[in-house]
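A.B. asks: I'd like to ask you about the structure that follows.
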Ligand SMILES: *Cc1c(COP(=O)(O)O)cnc(C)c1O
């Protein structure tokens, strides 16, 4: 099992190498050379199994010889052992034929824990084997940073630095980043916007002397291992609703296209997914692209579902690779147009294939709030604003006889302001997290300056 770049110019790699590399050396994203498939009987046999067992059966075929079966089972058990629900990803019924897949029972209350907790374990295993260390630096508008810190806290072979925009993340998100007490965790409050955090992160990766000197590694959402970990819950949900003997549809609140791309992989593995619905907020580049065929960037308009506020959707490149018949040169050309002209138009053939596999919809701010209110009043459900975008769009795509599953990507308590404004209810944190507001915080304010950041990181990792 080897991984190749979507731009066709980087060496093929094994799973563990692609995991540590993150981005390919030609700027592309790693994808499996071939997608392993499961038989109907193998899929049917998953119904009712523990989440960890399904995780093992779905992911192991992608690992090649990178980890042994025993190692992988151990890491899966550790990754999900700290979740606050025995089912890990429980399903709830919202209405006739409509289900909510709760992906917020991990330690930071958002779906990103499913991938991040696992890659924390896999990084540790691989780095220990090599006897080496890495410095993980990430930029976050909130959810990715808290999930990364939670996954790597106390992991001996890793220092983790997270840049977040000072004063611009929710209090829950900030406290999740600033309250871990381990020495290898560094929360950096940057004086600037999220875009500044991302730009400085990019600068660090482009400074090859610094990158190699501190052994920089990234765990952002383009890391293949993260996508893979998200494939599992499509299988657990679909089989508990009757797959493979009936088709199931999914609606996914989408930003960087990682979560929904995992659904696409599940379908290619043989899971009978009928429609995959992309749900966007007012930052709707993907919905516009499916509607018109033009992928055109626009300024980001901040929304009440901030984890979906994106200008470009980085994992979309992986899908482009497939709808362009795995032509790396064609993808490289599109990405070049994106960079130089701010957009590109899909070929008719590519657009047709895209529409065969996906539907899309958009929720305005008012529609999102109204959905939070209505879900509370008529479904007895407190939705986070991202999940509400999903529910709004899903309702327009429900078809008779095909169960619709909407992914609930975060816990309502992670975005209390929007939930309280729509319902009058302040969503409580789960009991295991109640002390979050009492724990002391530890953070370093940093200027929006590359040199200062590099000095600080060097000093921290080599005191
Ligand atoms: C990251 C995130 C999303 C978007 O997921 P992608 O994989 O980037 O499409 C949606 N909702 C929440 C709560 C998130 O944290």
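A.B. asks: Got a sec? How would 339, 92, 112, 247 order by Cβ neighbour count within 10 Å, fewest to most? Kindly include the intermediate steps, with their values, before the conclusion.
C.D. replies: On the way: 339 10, 92 13, 112 31, 247 18.
The most exposed by this proxy come first: 339, 92, 247, 112.
A.B. asks: Measure of size requested: the Rg and Dmax of the stretch 94-251, with Cα atoms as the atom set and Å as the unit; please supply both.
C.D. replies: For the stretch 94-251, the Cα-based Rg and Dmax read 17.6, 58 Å.
A.B. asks: Something else: I want to check the label-to-label distance for residue 434 and residue 378. Put each point 7 Å from Cα in the C-beta direction and report it in nm to one decimal.
C.D. replies: With each label placed 7 Å out from Cα toward Cβ, I get 3.5 nm.
A.B. asks: Give the share of C-alpha pairs in each 5 angstrom bin for the stretch 165-229, from 0 to the last occupied bin, in whole percents, shortest bins first.
C.D. replies: 3, 14, 16, 21, 25, 16, 4, 0
A.B. asks: Give me the one-decimal nm value for the distance between modelled label points at residue 26 and residue 333, 7 Å along each residue's Cα-to-Cβ direction.
C.D. replies: Computed distance between label sites residue 26 and residue 333 equals 1.4 nm.
A.B. asks: For the chain, what is the percent of antiparallel DSSP beta bridges, rounded to the nearest 5? Each step should come with its number before you reach the end.
C.D. replies: Values: 14 of 49 bridges.
Bridges in the chain are about 30 percent antiparallel.
A.B. asks: Which order results if 186, 386 are arranged by neighbouring Cβ count within 10 Å, fewest first?
C.D. replies: Working: 186 24, 386 31.
Arranged by neighbour count, lowest to highest, 186, 386 become 186, 386.
A.B. asks: Okay, moving on. What fraction of the DSSP beta bridges in the stretch 94-217 is antiparallel, stated in percent and rounded to the nearest 5? Display every interim value, and only then the final one.
C.D. replies: Numbers: 1 of 15 bridges.
Rounded to the nearest five, the antiparallel share is 5 percent.
A.B. asks: So if each residue of separation counts as 0.36 nm, and I subtract the Cα-Cα distance between residue 33 and residue 426, what length gain in nm does that give?
C.D. replies: Working: separation 393, 0.36 × 393 = 141.48 nm, distance 4.73 nm.
Length difference between fully extended and current span is 136.8 nm.
A.B. asks: So for the stretch 120-208, averaging the separation of alpha carbon pairs under 8 Å that are six or more residues apart and normalising by length, what relative contact order in percent results? Let's see the in-between values first.
C.D. replies: Working: 136 pairs, mean separation 27.3, N = 89.
Relative contact order of the stretch 120-208: 31 percent.
A.B. asks: Ranked by Cβ crowding within 10 angstrom, fewest neighbours first, how are 191, 287 ordered?
C.D. replies: Details: 191 13, 287 21.
Listed from fewest to most nearby Cβ atoms, that is 191, 287.
A.B. asks: Just to verify a number: FRET efficiency for residue 215 and residue 444, C-beta to C-beta distance, R0 = 22 Å, to 0.05?
C.D. replies: Details: r = 21 Å, r/R0 = 0.95.
Taking R0 as 22 Å, the efficiency between residue 215 and residue 444 is 0.60.
A.B. asks: Also: Show that you can apply the helix-only estimate: for the chain, add -39,500 (n - 2.57) for every DSSP H stretch of four or more residues, divide by all residues, and state [θ] at 222 nm to the nearest 500. Present the calculation step by step, with values, prior to reporting the outcome.
C.D. replies: Values: 19 runs with 203 residues, N = 463.
Computed ellipticity for the chain at 222 nm equals -13000 deg cm²/dmol.
A.B. asks: Using only the alpha carbon atoms of the stretch 289-352, find the Kirkwood hydrodynamic radius as the inverse mean reciprocal pair distance, in angstroms to one decimal. Write out the running numbers ahead of the final one.
C.D. replies: Working: mean 1/r = 0.0792 Å⁻¹.
Here the Kirkwood hydrodynamic radius works out to 12.6 Å.
A.B. asks: Mind listing P(r) for the chain? All alpha-carbon pairs, 10 Å bins, whole percents.
C.D. replies: For the chain, the binned pair fractions read 4, 21, 33, 29, 11, 1, 0 percent.
A.B. asks: When the Kirkwood radius is taken over all Cα pairs of the stretch 233-374, what Stokes-Einstein diffusion coefficient follows at 4 °C and 1.567 mPa s, in µm²/s?
C.D. replies: Numbers: Rh = 16.0 Å.
Rounded to a whole number, D works out at 81 µm²/s.
A.B. asks: How many angstrom separate the Cα center of the stretch 85-109 from the Cα center of the stretch 191-256?
C.D. replies: 20 Å
A.B. asks: What FRET efficiency do you get for residue 171 and residue 203 if R0 is 41 Å and r is their Cβ-Cβ distance, rounded to the nearest 0.05? All intermediate terms of the calculation are to be shown ahead of the outcome.
C.D. replies: On the way: r = 29 Å, r/R0 = 0.70.
In this case the efficiency is close to 0.90.
A.B. asks: Please check which bits of the stretch 226-269 a label hung off residue 74 would reach, taking the label as a point 7 Å along Cα-to-C-beta and the cut-off as backbone N under 14 Å.
C.D. replies: Of the residues in the stretch 226-269, none has backbone N under 14 Å from the label point off residue 74.
Computed from the coordinates by the stated procedures, all read-outs in this text should not be read as laboratory data. As the structure is a computational prediction, the values presented were derived from the model and not from experiment. A quick note on method: Cβ atoms are made from the backbone with ideal geometry, for glycine too, and the neighbour counts reach across all protein chains shown.
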